[in-house]
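The values are calculated or read from the model by the stated rules, or taken from the named source; none is laboratory data. Small disclaimer: the values here were computed from a predicted structure and weren't measured. Counting neighbours? That spans all protein chains shown, and the Cβs are built from the backbone with ideal geometry, glycine included. Accessible surface is based on the protein model in full, side chains and every heavy atom, while ligands, DNA and RNA are left aside. Shrake-Rupley method; radii C 1.70, N 1.55, O 1.52, S 1.80 Å.
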Amino acid sequence: MGAESGIWESLLAVRHRGGAAPAQRSEEPPEVAALLELYLPYAQVPRGRPLAVAHLGQSLDGRIATAAGASRWVTGEADLLHTHRMRALADAILVGSGTLRHDDPQLTVRRCGGRHPLRVVIDSERRLTPFYRVFQDGAAPTLVLACADRVPAGERLGQAEVLGLPRGPAGIAPRHIRAALAERGLHFLFIEGGGITISRFLAAGALERLQITVAPVILGSGKPSLTLPEIVEPGEGLRPRLRRFALGDDTLYECVFHD
Ligand SMILES: NC(=O)c1ccc[n+]([C@@H]2O[C@H](COP(=O)([O-])OP(=O)(O)OC[C@H]3O[C@@H](n4cnc5c(N)ncnc54)[C@H](OP(=O)(O)O)[C@@H]3O)[C@@H](O)[C@H]2O)c1
């Protein structure tokens, strides 16, 4: 087992089995030190502490996909591995209906060790068909969130359970999503996209952290990363505390909104 995979297994043990944190030594190889710096804070999140972390991979000009919706792949291999590691640490992975329609993702942990978390899809108007992989493959439990007035009692979508939540002025309020998942013991959420879903969480103040991986590419058109209510002066923009990591040729900016 290489040093990196050994450390990764220790991080999983800390997160899921209450193992001791790997000892940090000054002569650590740089890749091991970077792994610990990025993931140890997540591995050590106390059970039951609410934590919503979102991630987007975007171009230099802030696009997460082409206008046709193709997003494979804006960022590189190292960022893909990063998303699988975050999945393995989280209790649940969440995506919007647009991401399911365009990507039909599996939302499982395949590029690193670790168990699959619960998969959550927001389909507020219940328009998705049951033919997407997450509803059919049985690889991990899957939950669909929809407005309660769209959910007949006991409805399933393929193998997925469908849960109705209150309809708010802008769809389902992120705080209701977090509360419903917390009731099921799911506190550490990894929100994988797309831009609309993550923007709604951010606008509602419902994200503790936002990870934006920037790839050195300009798409010049396409689906935007974040879209928030308009501001007038640049000074009104959000200026969160940042952690910064190199992921291959890409750069991960982790915005810390709340500890
Ligand atoms: N580069 C990346 O990191 C990345 C990651 C993921 C996806 N993508 C790409 O991004 C595109 C999809 O992103 P997107 O921004 O267009 O869509 P999205 O965020 O995946 O889905 C948005 C839709 O989800 C539902 N939704 C999300 N939050 C909701 C809420 N709080 N209340 C009610 N409904 C909610 C709404 O649809 P309903 O009205 O149908 O419920 C909404 O229109 C695809 O092209 C995909 O390939 C890129």
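A count restricted to the stretch 4-37 and to residues that are over 26 Å from the mean Cα position of the chain (by Cα) and not basic (Lys, Arg) stands at 6. One residue alone among 150, 178, 127 is under 21 Å from residue 108 (Cα atoms) and basic (Lys, Arg), and that residue is 178.
Across the stretch 175-206, the qualifying residues are those that are free of Cβ contacts under 8 Å to residues at least 60 places away in the same chain and assigned to a helix (DSSP H, G or I), and the one among them that is nearest to the ligand (Cβ to nearest atom) is 200. Within the stretch 221-249, residues that are over 15 Å from residue 74 (Cβ atoms) reach partners that are among the aliphatic types (A, V, I, L, M) and at pLDDT below 95 with beta carbons closer than 8 Å, at six or more positions or on different chains, in the pairs 245/34; 246/34. When residues in the stretch 62-95 are screened for being more than 20 Å from residue 188 (Cα to Cα) and away from the ligand (no atom under 13 Å from the Cβ), 2 of them pass. If you go through the stretch 31-61 and keep only what is assigned to a helix (DSSP H, G or I), open to solvent by 50 Å² or more (accessible area, probe 1.4 Å) and either within 13 Å of the ligand (Cβ to nearest atom) or at pLDDT 95 or above (or both), you end up with 37, 41. Residues of the stretch 102-111 that are open to solvent by 30 Å² or more (accessible area, probe 1.4 Å), farther than 15 Å from residue 158 by Cα and within 13 Å of the ligand (Cβ to nearest atom): 102, 103.
Against the test of being of a type outside the set (D, E, K, R), more than 7 Å from the ligand (Cβ to nearest atom) and open to solvent by 20 Å² or more (accessible area, probe 1.4 Å), the options 114, 98 yield a single qualifying residue, 114. All conditions in (1) open to solvent by 20 Å² or more (accessible area, probe 1.4 Å); (2) within 28 Å of residue 104 (Cα to Cα); (3) touching a strand residue (DSSP E or B) at 6+ places or on another chain (Cβ under 8 Å) hold for residue 79, with the sole exception of (1).
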